[in-house]
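J.: Take a look at this one; I'll ask things after.
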Amino acid sequence: MPPIRIRRSDATFSRYVRARDGKCMRCKKLGEPDKDGLPITGLQCSHYFGRAGNGTRHEPNNCIALCFGCHQIWGSNDREAYRNFMISWLGENGFKLLVIQNNTYKRKDEVMAYIRSKALLDDLLAQRVAHHKRITA
Ligand SMILES: [Zn+2]
């Protein structure tokens, strides 16, 4: 399989997923703050269904933050454990919907994927700011 190029939308979406989770969803290791204070350093954005599938490439329910070691384990060696996690996280029906979404053809649209990923990230950052204001007020 040829290498899959990382697009601007992927980089933004990855930031969103890692900031949303803030820790490895397998071993619970926390992400270290990056230059903007987001707890994402040391975490990777793992796609349950790989990035080749445009239907789920930028789907928040398809992706979780994992540390490098756990990404290696769930990404290649222990797919069954990864699948079980996804089912417990999304529920049986949520997982079925994700499978359908992955099997549904979706045209590549880099501009919309970037806009959507940016909106998800901006929304998350706004929630973090609002939460910080509440606990420091
Ligand atoms: Zn881990």
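J.: How many residues are within 13 Å of the ligand (Cβ to nearest atom) and not aliphatic (A, V, I, L, M) if we restrict to the range 1-31?
T.: 10
J.: If a residue must be aliphatic (A, V, I, L, M) and over 20 Å from Asn84 (Cα atoms), how many such residues does the range 17-34 contain?
T.: Matching residues across the range 17-34 total 2.
J.: State whether the residues of the range 45-66 include one that is over 22 Å from Arg5 (Cα atoms) and surrounded by 12 or more Cβ atoms within 10 Å (Cβ to Cβ). So that I can check it myself, show each step before the final result.
T.: Keep residues of the range 45-66 that are over 22 Å from Arg5 (Cα atoms), which gives none.
Checked against the condition, which is being over 22 Å from Arg5 (Cα atoms) and surrounded by 12 or more Cβ atoms within 10 Å (Cβ to Cβ), the range 45-66 yields no hits at all.
J.: Let me ask something else. So which residues in the range 1-20 are buried (at least 20 other Cβ atoms within 10 Å of the Cβ) and of a type outside the set (Ser, Thr, Tyr), if there are any at all?
T.: Asp10, Phe13, Arg15, Val17, Arg18, Ala19 - these are the residues of the range 1-20 that are buried (at least 20 other Cβ atoms within 10 Å of the Cβ) and of a type outside the set (Ser, Thr, Tyr).
J.: If you don't mind, another one. Residues to consider are Asp78, Asp109; find the one that is farther than 19 Å from Tyr16 by Cβ, among the acidic types (Asp, Glu) and free of Cβ contacts under 8 Å to residues at least 12 places away in the same chain.
T.: After ruling out the rest, the residue left standing is Asp78.
J.: Here's something else I'd like to know. Any idea which residue in the range 35-55 is farthest from Met86 (Cα to Cα), counting only those that are within 14 Å of the ligand (Cβ to nearest atom) and of a type in the set (Gly, Ala, Ser)?
T.: Only one residue tops the list, namely Gly42.
J.: Here is a check on your reading of the model: is Lys106 surrounded by 15 or more Cβ atoms within 10 Å (Cβ to Cβ) and over 16 Å from the mean Cα position of the chain (by Cα)?
T.: Spelling it out, Lys106 is indeed surrounded by 15 or more Cβ atoms within 10 Å (Cβ to Cβ) and over 16 Å from the mean Cα position of the chain (by Cα).
Read the figures in this text as sums done on the coordinates, not as results from a lab. Predicted model, so just to flag it, every value in this text is computed and none were measured. A quick note on method: Cβ atoms are made from the backbone with ideal geometry, for glycine too, and the neighbour counts reach across all protein chains shown.
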